[in-house]
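Let me begin by presenting the structure, written as structure tokens, before commenting on it.
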């Protein structure tokens, strides 16, 4: 699996059984493919440090512009809620892939970690 090629993303076999790994990987892949089909020069990288948490990093011109996480919606457990943190101040929480992509497009300023 290539961490920067969403078409290869699959949930690792050692993913914690109490987590929604397969579902989370699928939702983040959908978002990543939407981002890269809209902006071919952008890179979306999968990040997971332990078998319970997964998110993506979005890079534009090899600089990180944000991160995205996904959880299940409280009202409808089949619906995703994306948490997007983009640029210096941007934040979005909702189920729309299109809106999440727009948040990354509108990202202004350095990523939070780069401000230090």
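The values are calculated or read from the model by the stated rules, or taken from the named source; none is laboratory data. These figures come from a predicted structure and were not determined experimentally. Cβ coordinates were reconstructed from backbone atoms using ideal geometry, including for glycine residues, and neighbour counts include every protein chain displayed.
Just give me the residues in the stretch 101-114 being assigned to a loop (DSSP other than H, G, I, E, B) and farther than 15 Å from residue 56 by Cβ, in sequence order.
The answer is 106, 108, 109, 110.
Could you tell me which of the residues 86, 73 is modelled with pLDDT of 90 or more, touching a strand residue (DSSP E or B) at 6+ places or on another chain (Cβ under 7 Å) and surrounded by 15 or more Cβ atoms within 10 Å (Cβ to Cβ)?
Step by step, each of 86, 73 is checked, and only 86 is modelled with pLDDT of 90 or more, touching a strand residue (DSSP E or B) at 6+ places or on another chain (Cβ under 7 Å) and surrounded by 15 or more Cβ atoms within 10 Å (Cβ to Cβ).
So residue 42 fits all but one of (1) closer than 20 Å to residue 98 by Cβ; (2) at pLDDT 95 or above; what number is the exception?
It is condition (2) that residue 42 fails.
Quick one: which residue in 116, 102 is out of contact with any helix residue (DSSP H, G or I) (no Cβ under 9 Å at 6 or more places or on another chain), at pLDDT below 85 and surrounded by fewer than 17 Cβ atoms within 10 Å (Cβ to Cβ)?
116
Please enumerate the residues belonging to the stretch 78-100 that are closer than 18 Å to residue 29 by Cα, outside any strand (DSSP E or B) and free of Cβ contacts under 8 Å to residues at least 60 places away in the same chain.
Passing the criteria: 78, 79, 95, 96, 99.
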